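Working notes for the structure below.
The values are calculated or read from the model by the stated rules, or taken from the named source; none is laboratory data. This one's a predicted model, so the numbers in the text were calculated from it and none came from an experiment. Methodologically, a virtual Cβ is constructed for each residue, glycine included, from the backbone with ideal geometry; neighbour enumeration extends over all protein chains shown. We work out accessible area using only protein heavy atoms, side chains counted, and drop any ligands, DNA or RNA first. Shrake-Rupley method; radii C 1.70, N 1.55, O 1.52, S 1.80 Å.
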Amino acid sequence: CMDRKMTSQTAKVVLSLDAETVSLLKDGVNFKKDPENGKCYIIYKGTEGFKACRNQCKHQGGLFIKDIEDLGGRTVKCTKHNWKLNLSTMKYVNPPDSFLQDELEILDDGGLRLVELSPLDPWLADPREPLQLKEGEVKVTYLTHACMELQLGQRRFMFDPWLKGPAFARGWWLLHESPADALDRLCAADLIYISHMHSDHLSYPTLKVLSERRPDAPIYVGDTSRPVFWYLEQSKVQLTNINVVPFGVWQNVDEHLRFMIMMDGVHPEMDTCIIVEYKGHMILNTVDCTRPNGGRLPQNVDLMMSDFAGGASGFPMTFYGGKYSDSWKATFIKNERKKLLNYKAQLVKSLQPKIYCPFAGYFVEAHPSDRYIKETNVKNGADALNAQINNLTSDIKTWTPKPGAVLDLGLALTDPTNSEAITNPPASAKIYKDNWDFDLYVDELNRAISCEIFKHPNWIQFYYTWAGFQNYNLVVRMIETDDNFEPHPLGCDYLVDFLDLSFPTTIPDREHSYLELKNRVGVMRHVVVHGGLWDDLYIGFQNRISRDPDIYHHKFWNHFQTELPCPKQHSHYCYPVSLLLFRHFFGC
């Protein structure tokens, strides 16, 4: 349900089986397809009756097949990432401690009817008839990565301003050179939407400029369980007008303009997307959501934007040992990017927006020390996705934006073939960046290496006690390294046993899972000092990972990537880690 207080639902029969078909269902797993629309479902027949669900993995929407390794006949395996679902419990067993599958209701009336309960589409509340747009009344300007400026009448709405500095510590850098006046545009915006806390959307170097020039700029974020601005106390960024809004509720700006923030179905604790409506015309921005709004989205919007590139993960580029050869990685990446391209193209085709724009994928691993990642982490191209959409349907106008390019929505809707509907930057405009001021940002991270607290060996025990993850049968070896992932002369090499949160000097001899993490020392220590999330290490390609057995520990990674203590929880102030450590060691 989009709004946590919203309880209204619709019930829809998605598959009907007659009594004869039901009698032919075998014990265990049964795959069934709706002959009318081709959608697939799984019915599990057990001793206590039937269970049913969509044939769609909750991780990234892949299809399940029978798991031939399961002799009990209870599990299915996803074709995308080999996630496994136990249908008798509707729990994912690989990775363990991750998701519960959404079940379908079952009506038994001699046959079987599978019923899907869904919340009412919140954007249908208070519908408005579209009014004619004048030329120049609604303009959409692409700035860089996920940053778009919407001119809506007299209002200017800015999305996800990452305009300077790196993201994910020092792992991501802007591919495009944003227009020279981009920061001025940001500081003059009437509304700023920040979709989630990842630093390619919540850019503190960018927001520092905003806070110095206009600290009361109105910023809007969704009411996620992990606050978007959880890091604000430590960031030295002073913003005074951050508005947290509920999901699935129209926020009225004026008589013509309103917007609605919705949550992601896979990562509801952090990811969001947005619908902006002006004079009855809808703009849908799904940003990075894996399953925006649980897969329920408005059709026939005037403009849709979404990510497209892939490559925004440490897997598999940062993994080593076992099967993770360069050739295996290359094959995996090629297949994954193709699947993503097909998924995005089919999604756009199904929603039938009048105009589609791929964005939020224009980053590059530009630092010289990340040359290996840059060369192997091949990404989808926006033109390739638009070409695939154009092959599927001729009813959707596609737009591949360049920095400073402007879409006049009124002109484009009146005549999609009108060449004046899109204004491209002048031929002399610089499109791609070739200088990123590496030293400024890398030196700032590396200053953490010599921080006083790391001279005390107890910092390791104190940090992981603060982090609060334990009672999990996993042993991790942490190695602090230089840029080439060789042991750093000032770095530590230690073990953490998360079963009892101990710090053994040798690997325990019991049966357990094992991870070896090589982390660049500057980034690791910056994360520790500021109580940061491990996305800077993992998504930022700042570590190398080996695991035995080769399984994904969702509970471990989810904790360190999303569930570390917030600076403020339940209105009680929790000091940043650096202050806690200083208090612990020096009594200050």
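State all residues of the range 407-439 that are open to solvent by less than 90 Å² (accessible area, probe 1.4 Å) and within 27 Å of TYR343 (Cα to Cα); if no residue qualifies, say none.
LEU407, LEU409, ALA412, LEU413, PRO416, ILE422
Looking at the range 193-238, which of its residues are surrounded by fewer than 19 Cβ atoms within 10 Å (Cβ to Cβ), assigned to a loop (DSSP other than H, G, I, E, B) and touching a Pro at 6+ places or on another chain (Cβ under 8 Å)?
Matches in the range 193-238: ASP223, SER225, GLN238.
How about the range 470-521: which strands (runs of 3 or more DSSP E) wholly inside it have at least 1 residues that are of a type outside the set (Gly, Ala, Ser) and over 27 Å from the mean Cα position of the chain (by Cα)?
Details: elements: 474-481, 493-497, 513-520.
In the range 470-521, 474-481, 493-497 are the strands (runs of 3 or more DSSP E) which contain 1 or more residues that are of a type outside the set (Gly, Ala, Ser) and over 27 Å from the mean Cα position of the chain (by Cα).
Pick out the one residue from GLU129, GLU116 that is in a loop (DSSP other than H, G, I, E, B), in contact (Cβ under 8 Å) with a residue 12 or more places away in the chain and charged (D, E, K, R). So that I can check it myself, show each step before the final result.
Numbers: GLU116 fails: in a loop (DSSP other than H, G, I, E, B).
It is GLU129.
Residue-by-condition table, conditions (1) closer than 29 Å to GLY248 by Cβ; (2) open to solvent by 40 Å² or more (accessible area, probe 1.4 Å):
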site: GLY49; (1), (2): no, no
site: CYS53; (1), (2): yes, no
site: HIS59; (1), (2): yes, no
site: VAL76; (1), (2): no, no
site: TRP83; (1), (2): yes, no
site: ASP97; (1), (2): yes, yes
site: LEU107; (1), (2): yes, yes
site: ALA125; (1), (2): yes, yes
site: TYR142; (1), (2): yes, no
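So which of TRP173, TRP162 ends up being assigned to a loop (DSSP other than H, G, I, E, B), in contact (Cβ under 8 Å) with a residue 40 or more places away in the chain and crowded, with 18+ Cβ neighbours inside 10 Å? Break it down stepwise before answering.
On the way: TRP173 fails: assigned to a loop (DSSP other than H, G, I, E, B).
So the residue among TRP173, TRP162 that is assigned to a loop (DSSP other than H, G, I, E, B), in contact (Cβ under 8 Å) with a residue 40 or more places away in the chain and crowded, with 18+ Cβ neighbours inside 10 Å is TRP162.
Identify, by number, the condition in (1) under 28 Å from GLU137 (Cβ atoms); (2) surrounded by 12 or more Cβ atoms within 10 Å (Cβ to Cβ); (3) touching a residue at least 12 places away in the same chain (Cβ under 8 Å) that ASN446 doesn't meet.
The number of the failed condition is (1).
Scanning for something assigned by the TED database to the domain that holds SER195, among the β-branched types (Val, Ile, Thr), assigned to a strand (DSSP E or B) and out of contact with any Leu (no Cβ under 6 Å at 6 or more places or on another chain), does the range 140-152 turn up at least one residue? Outline the logic, then answer.
First pass over the range 140-152, keeping only residues assigned by the TED database to the domain that holds SER195: 140-152.
Checking which are among the β-branched types (Val, Ile, Thr) leaves us with 140-141, 144.
The next check asks that each one be assigned to a strand (DSSP E or B); those that pass are 140-141, 144.
Filter once more, so that each one left must be out of contact with any Leu (no Cβ under 6 Å at 6 or more places or on another chain): 141.
Yes, because at least one residue in the range 140-152 is assigned by the TED database to the domain that holds SER195, among the β-branched types (Val, Ile, Thr), assigned to a strand (DSSP E or B) and out of contact with any Leu (no Cβ under 6 Å at 6 or more places or on another chain).
Quick one: in the range 85-95, of everything that is within 15 Å of LYS45 (Cβ to Cβ) and in contact (Cβ under 8 Å) with a residue 40 or more places away in the chain, which residue is surrounded by the fewest Cβ atoms within 10 Å (Cβ to Cβ)? Quick ask: steps written out before the conclusion?
Taking the range 85-95 and keeping what is within 15 Å of LYS45 (Cβ to Cβ), we get 86-90.
Adding the requirement that they be in contact (Cβ under 8 Å) with a residue 40 or more places away in the chain leaves 87-88.
Working: LEU87: 25, SER88: 17.
Taking the candidates together, the pick is SER88.
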